[in-house]
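The values are calculated or read from the model by the stated rules, or taken from the named source; none is laboratory data. These figures come from a predicted structure and were not determined experimentally. With ideal geometry, Cβ positions are generated from the backbone for all residues, glycine too; neighbour counts draw on all protein chains shown. Just so you know, the surface numbers come from the protein's heavy atoms only, side chains and all, with ligands and any DNA or RNA stripped out. Shrake-Rupley method; radii C 1.70, N 1.55, O 1.52, S 1.80 Å.
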Amino acid sequence: MSSTYDHKQIEPKWQKHWEEQGIFHAADVVRGKKNFYLLVEFPYPSGNLHIGHWYAFAIPDIFARFMRMRGFNVLFPIGFDAFGLPAENAALKRGINPRTWTHDNIEYMRKQLRRMGASFDWEREVVTCEPDYYRWTQWIFLQFFKAGLAYQADSLVNWCHSCKTVLANEQVIDGRCERCESAVMQRKMKQWLLKIKDFADALLHDLETLPWPEEIKEAQRNWIGRSEGALVKFPISNFQFPNKSQITNSNLYVEVFTTRPDTIFGATYLVLAPEHPLIENLESGIKNLEEVKEYIERAKTKTEMERGQLQKEKTGVELAGIRAVNPATKEEIPIWVADYVLMGYGTGAIMAVPGHDARDFAFAQEFHLPIRKVISPEVGANGRSPVQGAYEGEGAVVNSGKFTGLDSQTARERIVAWLELNKLGKRSTSYKLRDWLISRQRYWGCPIPIIYCRRCWENPKSKIQNPKLVGSEIDGVMHAVIPVPGDQLPVELPELDDYKPRDDGRSPLSKAADWVRVKCPQCGGAAERETDTLDTFIDSSWYFLRYTDPGNEKVFAAQEKMAQWMPVNLYSGGAEHTTMHLLYSRFWIKAMERLKLVPWCEPYVRRLNRGIILGPDGQKMSKSHGNVVDPDEQVERLGADAVRMYLAFIGPYATVGAYPWSMNSIVGVRRFLERVWMLGNKLKTQNSKLKTKETFINKYPAVQKKRLQMLAHQTIKKVTEDIESFKFNTAIAQLMTYTNELVKADLRDPAMRDYYTLLIVLLAPFAPHIAEELWQRMRFAHAADQRRSNTQINADDSENVSSIFKEPWPKFDPRLILEMKVSVVIQINGKKRGMVEVLRGAGEEEVFAAVGAAPEIQKYLRGITVTKKVYVKGKLLNIVAQ
RNA sequence: GGGCCAGUGGCGGAAUAGGUAUACGCGUUUGACUUAAAAUCAAAUGCCCAAAAGGCGUGUGGGUUCGAGUCCCACCUGGCCCACCA
């Protein structure tokens, strides 16, 4: 038996053992055990594991192993978020199939994940690009479509002229294409969207019920961006409509959204977004139509980058000849068009109050528009005297007719009430959140299971049969939008020869003519398939449901299987998903709940955002910095146990911070593991001479060394509580302290073996391989001892317990963690001057008496009068004196 | 510009119902072992002062308190996210 710690020998051995024994497979029900669902964000199969993956998976694995030992039936699954653009890019660059590229990566990453020693249940693996998974992605999407939650609309998308393709927001870096670095434009295209906005209030409201970290909740609240305010109508005063049939009710006024109705008397002009539809309707009355059209054209072709750079410079043009009436002042005011007003928020039009809004102020200055003060900062409101620019705070309303003199809040209420009474406006709520744009003009994604049929749209009968039939225009011709029937799912992604995007921005799938051409499921005539694919965030919006029932061919997951595990008890992931994946999947589950597909409206009970690991130089790891730490090399050199334990030791896990990797510090962790190993060796030589009694866990024998016993119980307490709160760093510190004491202790003490076993068990979640090895050796030695002393060996016992991870987690005795004698700090006027030792539970008088016997403290008391004593029992005595 | 978070030794970090600041680890110094080095073991290690005594110390300045890293106010610095959101 080798006596040096050789991680290369023991780590593969136990990884194989655990997998063969199926130790980490989660059965749906285990008698007498509560279920616990621990979820980690599944990886994108990008090639090979980096340190970030280790941090994301190996550290939660500590918790998974701990919970098993505490007696929970733990579901700790893994899978691959396998659709996505990098596969397509790799295909274009290297001429390989995206499917091949993805599958090769998955295969390689599976091997690496096993080397990590994470206790995943591989029998439940989910891969989103497999037809048996995306079949159900398509099925759920169709339920949403039938319920009206998925719809098509013309939307502005990011368009790269050079690559001739649509880009996702994540692919636009500082207004440039991430691939070719040319400027990105906005282009209007027909897109699929999901009605996440319908759930804005539910998403906001249910957030309050979740025990999540406050900063995550706050980030989601800000993202949803609910604002209370009012919609106000500003009638168009002097426009003669040339053709009476063109007049619609909405042509007669400009409707704006404002959160500050109290400033309405200061609204000296209106501004429309360049895309505002009213402009077209008013064309015949616009005297400078050429100029206006030119401005709108320019705004359209402005790149994202230009918008960012020119944020401070306001541009715009007046609609000459058109004026509106401020319903409060009855004054005629001009209407402008400017790109600082966004079509996507509110009504796409604003009332400009340059006196009390910085942007309006800048615009008014630029174009010499009137600025009127209607709010006066109340004295002492914030002590700051305005106002070189606009005063945006609250205050007393002035110059506002009958509302003058009110405070902002009261004025808001009264003015809105007045507007409502006169049918000029109404209370309203607005959100920053926009509906989720889910179609992508890309190959490597889940096909949208929709068929377009011209004949069905043109046949009057089909609309009678299906009154909810939706139409969609393709190349100027209307088609009926037909969902693919359930028995024809999945719509499989076809093989292509060429994944290049087309000049017209349509999906590469549109080139698969045989695939596009399809029989209409409704009329049987010639029809064509939707060629866009779904955003990959859809694939990841429900994968955690599939883990509960991965093989099901009848439904996305059986209700009774989901009921065993859902909702997820703890979800660990990266902060970058706070307002994307985390919000999307909450919405997705709420939508499923509305359709009675699932019974709960929140998918995750607890959520934890981890930090990130930086390079040794404190910079983000990147190839260009040359500071990338390769986990494979570290595992080779120091072992998986040392790598994961170092990552756990580096700092608290549930904190969104950044920790630099340190080649020195990981060596310290390795040294610790070697000390634990060597201690086992030393004990073995000692113990072979001695007969030991029964195994110790949870049944502490009478111990001679009280101090060690106390430390052992304190260690159980500290390690247990720290793991529960994800403070692995301090749990490990405690294990180190405990180990240091054991090393110093008398190895001939028969209790040492039990103390050592305790160490191994507490160490097991952190460094599973070395702990299993040492534990199995102890078992072997123990069995040998028993044979020698003719004790009968319980065969059953050795059969059942084949791993340290089937051992129960130790419990501590609260009576044994308290010290008999305590050191009390003596302060004089708040300054520490010494310590006295007294019995635990000693009162103030006893402590003060002990101070009298301590000359090094007494000298500070000479010549002064004690006026007060503050005593904190067993901790501190502060003597206040003059 | 808005929101959130964080500033503690040479470094990662520890310490909250306000009560010994710097646990644990790294690094550094000295010693033991060694022909030597590595490894290991032992001791020291916040700053000022040769040392003792003493003083000063948790980004800065105030405040509350017998007592503040922790609570309150103002400010400085850094990080992350969102950004013309009316």
Amide H contacts of A:ARG606 (H built 1.01 Å from N, under 5 Å, at least 5 apart or other chain) | A:LEU570, A:TYR571
Whole-Hz Karplus ³J(HN,Hα) for the stretch A:828-844, in order, using 6.51 cos²θ - 1.76 cosθ + 1.60 and θ = phi - 60°, x for Gly and Pro?
-> 10, 6, x, 9, 5, 10, x, 9, 10, 9, 9, 6, 4, x, 5, x, 4
Averaging 1/r across every pair of distinct alpha carbons in the stretch A:506-581 and inverting yields a Kirkwood hydrodynamic radius, in angstrom, of 16.1
Round to the nearest 10 and give me the degree value, 0 to 90, for the angle of helix A:7-21's Cα axis relative to the longest principal axis of chain A.
-> 70
Taking N as the residue count of the stretch A:1-123, its alpha carbon Rg divided by 2.2 N^0.38 Å gives 1.25
Once you have the Cα-Cα distance between A:MET580 and A:ARG110, take 0.36 nm times their residue separation minus that, and quote the gain in nm to one decimal.
-> 166.6 nm
Work out from phi, with θ = phi - 60° and the Karplus expression 6.51 cos²θ - 1.76 cosθ + 1.60, the ³J(HN,Hα) of each residue of the stretch A:598-614, listed in order in whole Hz, and give x for Gly and Pro.
-> 9, x, 10, 9, 10, x, 10, 6, 9, 10, 9, 9, 8, x, 10, 9, 9
So, with a 1.4 angstrom probe, what is the percent of accessible area on chain A that is carbon and sulfur?
-> 50
Which whole-number percentage describes the relative contact order of the stretch A:16-116, with Cα contacts under 8 Å and a sequence gap of 6 or more?
-> 36
How far is it, in nm, from the label point at A:GLU819 to the one at A:VAL667 when both lie 7 Å from their Cα along the line to the Cβ?
-> 3.4
Straight-distance crosslink candidates among lysines, where the alpha carbon sits under 20 Å from A:LYS93 and sequence neighbours closer than 8 are dropped = A:LYS164, A:LYS500, A:LYS511, A:LYS623
Extension gain (nm, one decimal) between A:ALA320 and A:ARG226, 0.36 nm per residue minus Cα-Cα = 30.4 nm
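Among A:23-32, A:101-110, how do they line up by average Cβ neighbours within 10 Å per residue, starting with the highest?
Highest to lowest by the protection proxy: A:101-110, A:23-32.
Compare A:VAL481, A:VAL870 by solvent-accessible area with a 1.4 Å probe and give them largest first, with all protein chains kept in place.
Order by accessible area, largest first: A:VAL870, A:VAL481.
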When all protein chains stay in place, what accessible area (Å², nearest 10, 1.4 Å probe) is found for A:VAL743?
-> 60
Set of lysines near A:LYS831 by C-alpha distance (under 26 Å), chain-local residues within fewer than 8 positions excluded | A:LYS821, A:LYS859, A:LYS868, A:LYS869, A:LYS873, A:LYS875
What residues have an amide H closer than 5 Å to that of A:LYS811, excluding those fewer than 5 places away on the same chain, when H is modeled at 1.01 Å from N in the peptide plane?
-> A:ASN698
Gap separating the Cα centres of the stretch A:1-39 and the stretch A:801-851, nearest whole Å | 38
With every protein chain kept in place and a 1.4 Å probe, the stretch A:369-483 has an accessible area per residue in Å² of 55
Could you pull out the pairs from A:LYS190/A:LYS300; A:LYS561/A:LYS806; A:LYS13/A:LYS806; A:LYS706/A:LYS744; A:LYS195/A:LYS519 whose alpha carbons sit more than 21 Å apart here?
-> A:LYS561/A:LYS806; A:LYS195/A:LYS519
On Cα atoms only, tilt of A:289-301 relative to the major axis of chain A in degrees | 20
Unit Cα scatterers, Debye sum, the stretch A:348-486: log10 I(q)/I(0) for q = 0.11, 0.12 Å⁻¹ | -0.70, -0.72
Express in whole angstrom the spacing between the alpha-carbon centres of the stretch A:75-138 and the stretch A:567-615.
-> 21
With r defined as the distance between the Cβ atoms of A:ASN97 and A:THR209 and R0 fixed at 56 Å, what FRET efficiency is calculated, to the nearest 0.05?
-> 0.75
P(r) of the stretch A:519-654 over all Cα-Cα pairs, 5 Å bins starting at 0, rounded to whole percent, reads 2, 8, 11, 14, 12, 12, 13, 11, 8, 4, 2, 2, 1, 0
Cα-based Rg / Dmax (Å) for chain A = 35.0, 111
Cut-off 17 Å (backbone N to label point 7 Å along Cα→Cβ of A:ARG187), residues of the stretch A:530-568 | A:531-533
Rounded to whole Hz, the Karplus (6.51, -1.76, 1.60) HN-Hα couplings of the stretch A:476-492, x for glycine and proline | x, 10, 6, 10, 7, 9, 10, x, 5, x, x, 6, 9, 8, x, 7, 7
Enumerate the amide H contacts of A:GLU255 below 5 Å, restricted to partners 5 or more residues apart or on another chain; note that Pro and chain-start residues carry no placed amide H.
-> A:PHE234
